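Chemist: Starting off with a structure, shown below.
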Amino acid sequence: MADRKLFAGAVIKRLRRTANMTQLALADALDISPSYLNLIERNQRPLSARLMLLLADRFDFDPRQLVADQPGGGVDGLGRRLAAPIFDDLVVDRTELEEWLIAAPNAAEAFVRLFDSHSAGGDDRAPETLDPFQLVRTEIERWRNHFADLDAMAETLADELRLGAADLYGAIAERLRVKHQLTIRILPETVLPDIVRRLDLHARQLQLSEMLDPASRTFQAAALLGEIEAQAEIEGLVSGADFPDKVSKRLYHRHLSSYFAAALMMPYARFLRACEQTGYQIQVLQRRFGASFEQVAHRLTTMQRVGARGLPFFMIRIDRSGLVSKRFAGASNASLVESAHRCPLWEIHRVFDRPLEERSQLIGLEDGSTWFTLSRAVQGVGTGVNGYFPEFAVGLGLSADMATGLYYARGIDLSTESATPVGLGCPACTRDKCPQRSAAPKNRTLKFDELESGLTPYNFVND
């Protein structure tokens with residue numbers, strides 16, 4: 001934000017109206033004239049650094065939120081959507097997007113909502129044709145994957161359980177038994193061959209597969225406890241999302257139950273304090289909170305409590321083919337999460353053969369942004385065809401300018417010049433002379449030379 005003008009009129013107006021303040025009252029609080037505030041809200045004047053700090057103090061939020069809350073996610077958010085194939089014949093540069101946001105922020109927001117609606121299947125189509133996964137993900141990202149009420153409730157419950165027993169799993173099991181008349185039973189894989197958890201209401205049992213490791217057993221027990229004790233809060237969030245179909249509602253309900261479980265295992269204040277003390281060293285966090293690598297990684301994307309924010313991580317999970325099964329942008333606004341394709345030069349694709357190794361990498365994207373990433377392979381539960389165990393790669397990342405305090409970044413040069421050039425997949429990447437290129441970039445003219453042969457058959461004119 002320091003190197004460019006920030007026009008955030010729509011965000012300021014929304015903050016003011018949420019606080020039920022007039023322009024006169026807010027102008028007085030900021031020690032500026034009402035006419036000047038009016039110009040700011042109309043995007044005719046940029047925000048100064050002084051006003052940013054005053055607003056952050058008055059409304060108790062992270063100043064970075066001013067960028068993330070710009071209509072349509074700001075220039076980066078608009079740019080990601082305009083990278084869709086339907087706009088291939090258009091060339092819209094960053095300057096034009098900035099001018100659009102200044103001149104017509106509400107029109108930009110309207111475009112984004114319409115685009116996202118059609119990406120999810122289109123509101124004018126029958127509910128059964130909508131993509132429930134996209135609908136749920138859109139709702140999760142609308143909250144930046146942070147649900148303050150669930151976090152607060154889980155934190156209070158975690159403190160209560162700690163008074164009864166040091167072992168969280170044992171404390172949850174005892175609470176389920178005493179308060180809800182439910183016992184936990186671990187069953188052989190042959191009894192639950194394709195199921196990790198089953199609630200048998202007739203026997204009043206939570207039945208868990210023996211294939212679950214201790215962290216996963218605790219997580220499943222915590223999720224059930226959340227479904228019972230945070231039922232009203234979870235159902236309120238599901239109802240408020242106004243999904244058009246039952247599948248979306250159930251997927252969202254499952255996500256919120258899992259969110260509560262993670263918040264119970266890693267209570268917000270204690271977890272954030274541990275993150276800051278250890279430099280976000282995941283192995284230590286795993287041991288301290290009895291969680292898996294993937295559980296910790298997911299939790300790191302949720303740390304956006306007002307007045308006590310953690311670093312804005314993103315998380316993505318892929319299989320060996322590169323197919324994404326989880327993606328959470330959180331507050332990072334990372335295009336690496338949104339892109340349909342990934343670059344093989346990103347270390348996330350190389351961790352499968354070294355499953356216990358955490359691989360860090362500084363990568364630079366074509367838009368000039370630099371990201372510090374951490375990748376590791378994880379194993380799923382159960383066996384598939386011919387006894388094959390499911391494998392995934394989990395990638396974490398955050399903007400390089402925020403990575404200086406990370407344990408994994410110690411001794412690493414975080415300057416842009418040291419970053420590995422990485423694209424958002426070959427079709428979206430216009431870097432030339434890349435020997436790894438497997439497809440031609442869109443919007444570029446291929447060139448051919450009968451006398452020479454390049455590193456790839458996709459030589460093109462970068463016009």
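The values are calculated or read from the model by the stated rules, or taken from the named source; none is laboratory data. It should be emphasised that the depicted structure is a prediction, and the values quoted were computed from it without experimental measurement. Positions of Cβ are backbone-derived with ideal geometry, glycine not excepted, and every protein chain shown enters the neighbour counts. Calculation scope for accessible area: heavy atoms of the full protein, side chains included, ligands and nucleic acids excluded. Shrake-Rupley method; radii C 1.70, N 1.55, O 1.52, S 1.80 Å.
Chemist: If you scan the stretch 349-360, which residues turn out to be more than 25 Å from Arg410 (Cβ to Cβ) and open to solvent by less than 40 Å² (accessible area, probe 1.4 Å)?
Modeler: Within the stretch 349-360, the first condition is being more than 25 Å from Arg410 (Cβ to Cβ), and the residues that meet it are 352-353.
Scanning the stretch 349-360 gives a single hit, Phe352.
Chemist: In the stretch 15-43, how many residues are within 24 Å of Ala103 (Cα to Cα), surrounded by fewer than 13 Cβ atoms within 10 Å (Cβ to Cβ) and modelled with pLDDT under 85?
Modeler: The qualifying residues number 2.
Chemist: Let me ask you something else. How many residues does the stretch 427-463 hold that are touching a residue at least 24 places away in the same chain (Cβ under 8 Å), in a loop (DSSP other than H, G, I, E, B) and over 16 Å from His341 (Cβ atoms)?
Modeler: 3
Chemist: Against the condition under 16 Å from Val337 (Cα atoms), in a loop (DSSP other than H, G, I, E, B) and among the acidic types (Asp, Glu), how does Glu366 come out, does it pass?
Modeler: yes
Chemist: Using the structure shown, decide if Arg376 is open to solvent by 10 Å² or more (accessible area, probe 1.4 Å) and assigned to a loop (DSSP other than H, G, I, E, B).
Modeler: In short, no.
Chemist: In addition: Given the options Leu356, Leu424, name the one that is in contact with a Leu (Cβ under 8 Å, 6 or more places away or on another chain), aliphatic (A, V, I, L, M) and either free of Cβ contacts under 8 Å to residues at least 12 places away in the same chain or not in a helix (DSSP H, G or I) (or both).
Modeler: Leu424
Chemist: Looking only at residues in the stretch 286-309 that are in contact with a Lys or Arg (Cβ under 9 Å, 6 or more places away or on another chain), within 17 Å of Trp143 (Cα to Cα) and not hydroxyl-bearing (Ser, Thr, Tyr), which one is most open to solvent (accessible area, probe 1.4 Å)?
Modeler: Arg309
Chemist: Here's another thing I want to ask about it. Grab the helices (runs of 4 or more DSSP H) fully contained in the stretch 10-64, keeping just those with 1 or more residues being farther than 27 Å from Gly310 by Cα.
Modeler: Working: elements: 23-30, 34-41, 49-59.
By residue number, 23-30, 34-41.
Chemist: Something else about it: Looking only at residues that are out of contact with any strand residue (DSSP E or B) (no Cβ under 7 Å at 6 or more places or on another chain) and outside any loop (DSSP other than H, G, I, E, B) in the stretch 310-348, which one is surrounded by the most Cβ atoms within 10 Å (Cβ to Cβ)?
Modeler: Selected residue: Ser335.
Chemist: Next up: Select from the stretch 241-259 the residues that are among the hydrophobic types (A, V, I, L, M, F, W, C) and in a helix (DSSP H, G or I) and write down the one among them that is nearest to Gln220 (Cα to Cα).
Modeler: Leu256
Chemist: Would you pick out the residues in the stretch 1-14 that are under 17 Å from Arg50 (Cα atoms) and either at pLDDT 80 or above or buried (at least 18 other Cβ atoms within 10 Å of the Cβ) (or both)?
Modeler: Within the stretch 1-14, Leu6, Phe7, Ala8, Gly9, Val11, Ile12 meet the criteria.
Yes/no matrix, rows are residues, columns are (1) open to solvent by less than 20 Å² (accessible area, probe 1.4 Å); (2) farther than 15 Å from Glu233 by Cα; (3) not polar (S, T, N, Q):
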| position | (1), (2), (3) |
| --- | --- |
| Pro132 | no, yes, yes |
| Ile140 | yes, yes, yes |
| Phe147 | yes, no, yes |
| Ala152 | no, no, yes |
| Leu163 | no, yes, yes |
| Ala171 | yes, yes, yes |
| Arg177 | no, yes, yes |
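Chemist: Cβ-Cβ distance below 6 Å, separation of 6 or more or different chains: which pairs start in the stretch 260-284 with a residue that is under 15 Å from Leu311 (Cα atoms) and part of a helix (DSSP H, G or I) and end on one that is charged (D, E, K, R) and modelled with pLDDT of 95 or more?
Modeler: Tyr268/Asp151; Tyr268/Glu155; Ala274/Arg288
Chemist: As an exercise: evaluate Val91 against (1) under 27 Å from Thr138 (Cβ atoms); (2) at pLDDT below 75; (3) not in a helix (DSSP H, G or I) and give the number of the one condition it does not meet.
Modeler: (1)
Chemist: Suppose we keep only residues that are among the aliphatic types (A, V, I, L, M) and open to solvent by 30 Å² or more (accessible area, probe 1.4 Å) within the stretch 402-438. Which one would you say is farthest from Gly454 (Cα to Cα)? Spell out the reasoning first.
Modeler: Looking only at the stretch 402-438, we keep the residues that are among the aliphatic types (A, V, I, L, M), and these are 402-403, 406, 409, 412, 414, 419, 422, 424, 428.
Checking which are open to solvent by 30 Å² or more (accessible area, probe 1.4 Å) leaves us with 402, 412, 414, 424, 428.
On the way: Met402: 39, Ile412: 34, Leu414: 32, Leu424: 22, Ala428: 20 Å.
Applying the filter and picking the extreme gives Met402.
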